[in-house]
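What follows is one structure encoded as structure tokens, with my remarks underneath.
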Amino acid sequence: MSRRTSVLLLASWLTVPGLALAQEAEEQELTPEKIAAIRRDEQKAKDKVNEAYGNRKSSEMSTDERRQVIQEQQQAGQKVMEKHGVSDKEYSRHVARMGREETEAVARAEKALEAKEKAAREAEQKKKAEKELPEEVPIQQGISDENPVELEASEDAASVVEQGLPPGETGAEGTAEGATESAPAGAGDVPAE
């Protein structure tokens, strides 16, 4: 093998792993959207741990409880990093080196994610509310002979309008059968002496 061939072969061996690493870095590039998603997931995981311990302040916990909460929060943070395919070291370095523009872009991405999640929650609540609503009850304005009120009727039943006094009523005074005639109308609940 000539000297030139061996130098080219050695150079290719040295550059190929570097290219592979560069491609991996491009694939795992931390965009503002990805950082925002990581932050939201991390906060949700920490809130879940705090909720498990009653959302108490650290001053209200014993030393062992505080230690346990911290360990569980760290484990939850590591799971979030694994979920997003980012190492904790890489994420921390990138966040520490972010400039003003990138920080603002992350904040905008967080707001966009929050708005998207809020819209999804509202749509889900609306869907639940629609399932829980009973059948629509028609509301009728005004009562008359032309427009009678039906309390319970099926869709196929015809309207029935009764005229006259209800059964058991007699005469124009409005006294019922078996009622005393000396009591004035409407005073049936007051005992007569």
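Please treat every number below as a calculation from the coordinates, not as lab data. Just so it is clear, the structure is predicted and the values come from calculations on it, not from any experiment. Don't worry about glycine lacking a Cβ; one is built from the backbone with ideal geometry, like all the others, and counts go over all protein chains shown.
Side notes on the structure shown:
- Greater than 31 Å apart at Cα, pairs in K79/K131; K89/K126; K83/K111; K48/K116; K48/K89; K46/K131: K79/K131; K89/K126; K46/K131
- For segment 68-144, GluC sites (Glu not before Pro) meeting the loop criterion (DSSP other than H, G, I, E, B) and having at most 16 other Cβ atoms within 10 Å: E135, E136.
- Column: log10 I(q)/I(0), Debye, Cα scatterers of segment 53-103, q = 0.17 Å⁻¹: -0.70
- Size of segment 29-149 as Cα extents on the principal axes (Å, biggest first): 81, 42, 23
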